[in-house]
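Novice: Input: one structure, supplied below.
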Amino acid sequence: MGLAACLWLQSCTHLLKTQSSDAIKGKLVLTGSSTVAPLVSEIGKRFESEHPDMRVDVHSGGSSRGIADARQGVADIGMVSRTLKEEEKDLQAFTIARDGISIILHKDNPAQFLSNEQVVDIYTGKIDNWQKVGGKDASIIVVNKAQGHSTLELFLKYFKLKNSEIKAQVVIGDNQQGVKTVAGNQNAIGYVSIGAAEYSANNAVPIKLMPVNGVAATTENVENGTFPISRPLNLVTKTQPEGLDQEFIDFARSPQVQDIIKKQHFVPLQNR
């Protein structure tokens, strides 16, 4: 009799799970940060694999777009790779991982270290030749981020710069554009997500991550809190999430996706 009850209970549990799984159906649209987008795309694929009736559409465009689209209801969830500003506190933010921002050079650039002052002087045009900072006799190609990207905002904040002060030869959008630009020009300097840079460098892309203020630009140093330019990677909603929004946010913050976060060289919540 006990065995029958047990089998009946297991059957009911399976039924409940099936019904719960079947209930998760529909479409979610996420827009925003180009740093968060590739991570959320992979999380979305796993979410879809567990819930075949779900579709997760992910579009980048910068953290500012994520804020605006979530606020206006254009997107179900916004992606923002920084802490919310005071004027954005009307939104709900849910951190899914942490990241840092790294200065990157071409792997064959002889320069080994740049002080904060030298970075500022390079980006404002006061230093325009690599020879002045331990490199070859060659003009420096400054790569800057486009407006609307939180990577730009954090870079400016840390180095106490205004975007109008920067003398850039190239302006890029997402991290991969930045990586490709520096990898394709030995005289370029840029700054991108540490996660994106480490992933690229580990996959034979010819770039190197430069230390900031003497601290190596690594995921490990973001994790242990020693790297000076770090940030949360957030999902944001206009109101307290419920339904599909809540299901996806809970999934993106769960141990079920920790391997995806680590694979993309970000710091999972459990490792903070």
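The values are calculated or read from the model by the stated rules, or taken from the named source; none is laboratory data. Everything quoted here is computed from the prediction, not taken from an experiment. All Cβ positions, even for glycine, are placed from backbone atoms using ideal geometry, and neighbour counts span all protein chains on display.
Novice: Can you tell me which residues in region 56-88 are assigned to a strand (DSSP E or B) and either of a type in the set (Val, Ile, Thr) or over 17 Å from VAL29 (Cβ atoms) (or both)?
Specialist: VAL56, VAL58, ILE77, VAL80, listed by residue number.
Residues are listed down the side, and each one gets a yes or a no for (1) under 22 Å from the mean Cα position of the chain (by Cα); (2) hydrophobic (A, V, I, L, M, F, W, C):
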residue	(1), (2)
ASP108	no, no
GLU117	no, no
THR124	no, no
ILE127	no, yes
TRP130	no, yes
LYS145	yes, no
LYS162	no, no
GLU165	no, no
ALA168	no, yes
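Novice: Examine region 14-24 for a residue that is part of a helix (DSSP H, G or I), at pLDDT 95 or above, among the hydroxyl-bearing types (Ser, Thr, Tyr) and within 14 Å of PHE248 (Cα to Cα), and state whether such a residue exists.
Specialist: No: region 14-24 contains no residue that is part of a helix (DSSP H, G or I), at pLDDT 95 or above, among the hydroxyl-bearing types (Ser, Thr, Tyr) and within 14 Å of PHE248 (Cα to Cα).
Novice: Just to verify a result, which residue in region 182-193, among those that are modelled with pLDDT of 95 or more and over 9 Å from ILE104 (Cβ atoms), is surrounded by the fewest Cβ atoms within 10 Å (Cβ to Cβ)?
Specialist: Among those residues, the one meeting the criterion is GLY184.
Novice: Right, another one. Only strands (runs of 3 or more DSSP E) wholly contained in region 180-251 count here; list those with 1 or more residues that are β-branched (Val, Ile, Thr) and not assigned by TED's automatic domain parsing to the domain that holds ARG46.
Specialist: Where strands (runs of 3 or more DSSP E) fall fully within region 180-251 and carry at least 1 residues being β-branched (Val, Ile, Thr) and not assigned by TED's automatic domain parsing to the domain that holds ARG46, they are 188-193, 207-210.
Novice: Does VAL215 satisfy the condition of being within 24 Å of GLN264 (Cα to Cα), surrounded by fewer than 17 Cβ atoms within 10 Å (Cβ to Cβ), among the hydrophobic types (A, V, I, L, M, F, W, C) and over 19 Å from the mean Cα position of the chain (by Cα)?
Specialist: When the stated conditions are applied, VAL215 passes them.
Novice: Of all residues in region 75-120, how many are outside the structural domain of SER64 (by TED's automatic domain parsing) and surrounded by fewer than 17 Cβ atoms within 10 Å (Cβ to Cβ)?
Specialist: Total meeting the criteria: 9.
Novice: Scan region 89-108 and tell me whether some residue there is touching a residue at least 12 places away in the same chain (Cβ under 8 Å), outside any strand (DSSP E or B), of a type outside the set (D, E, K, R) and under 25 Å from LYS162 (Cβ atoms).
Specialist: No, that holds for no residue.
Novice: Now, a different point. Search region 121-145 for residues being basic (Lys, Arg) and over 30 Å from LYS263 (Cα atoms), and hand back the single one that is surrounded by the most Cβ atoms within 10 Å (Cβ to Cβ).
Specialist: So the residue we want is LYS132.
Novice: Of the conditions (1) farther than 20 Å from THR151 by Cα; (2) modelled with pLDDT under 95, PRO206 clears all except one; give me its number.
Specialist: (2)
Novice: Which number in (1) in contact with a His (Cβ under 9 Å, 6 or more places away or on another chain); (2) of a type outside the set (D, E, K, R); (3) surrounded by fewer than 21 Cβ atoms within 10 Å (Cβ to Cβ) marks the one condition that SER230 misses?
Specialist: Here SER230 meets the rest and fails (1).
Novice: Could we say that ASN144 is out of contact with any Ser or Thr (no Cβ under 6 Å at 6 or more places or on another chain), in a loop (DSSP other than H, G, I, E, B), of a type outside the set (Lys, Arg) and not assigned by TED's automatic domain parsing to the domain that holds PRO38 here?
Specialist: So ASN144 fails the test.
Novice: Considering each residue of region 148-160, count those that are of a type outside the set (Asp, Glu), within 17 Å of VAL120 (Cβ to Cβ) and more than 13 Å from the chain's Cα centre (by Cα), and give that number.
Specialist: Of the residues in region 148-160, 6 are of a type outside the set (Asp, Glu), within 17 Å of VAL120 (Cβ to Cβ) and more than 13 Å from the chain's Cα centre (by Cα).
Novice: For GLY184, are the conditions met, namely being over 16 Å from the mean Cα position of the chain (by Cα), on the phi > 0 side of the Ramachandran plot and not charged (D, E, K, R)?
Specialist: no
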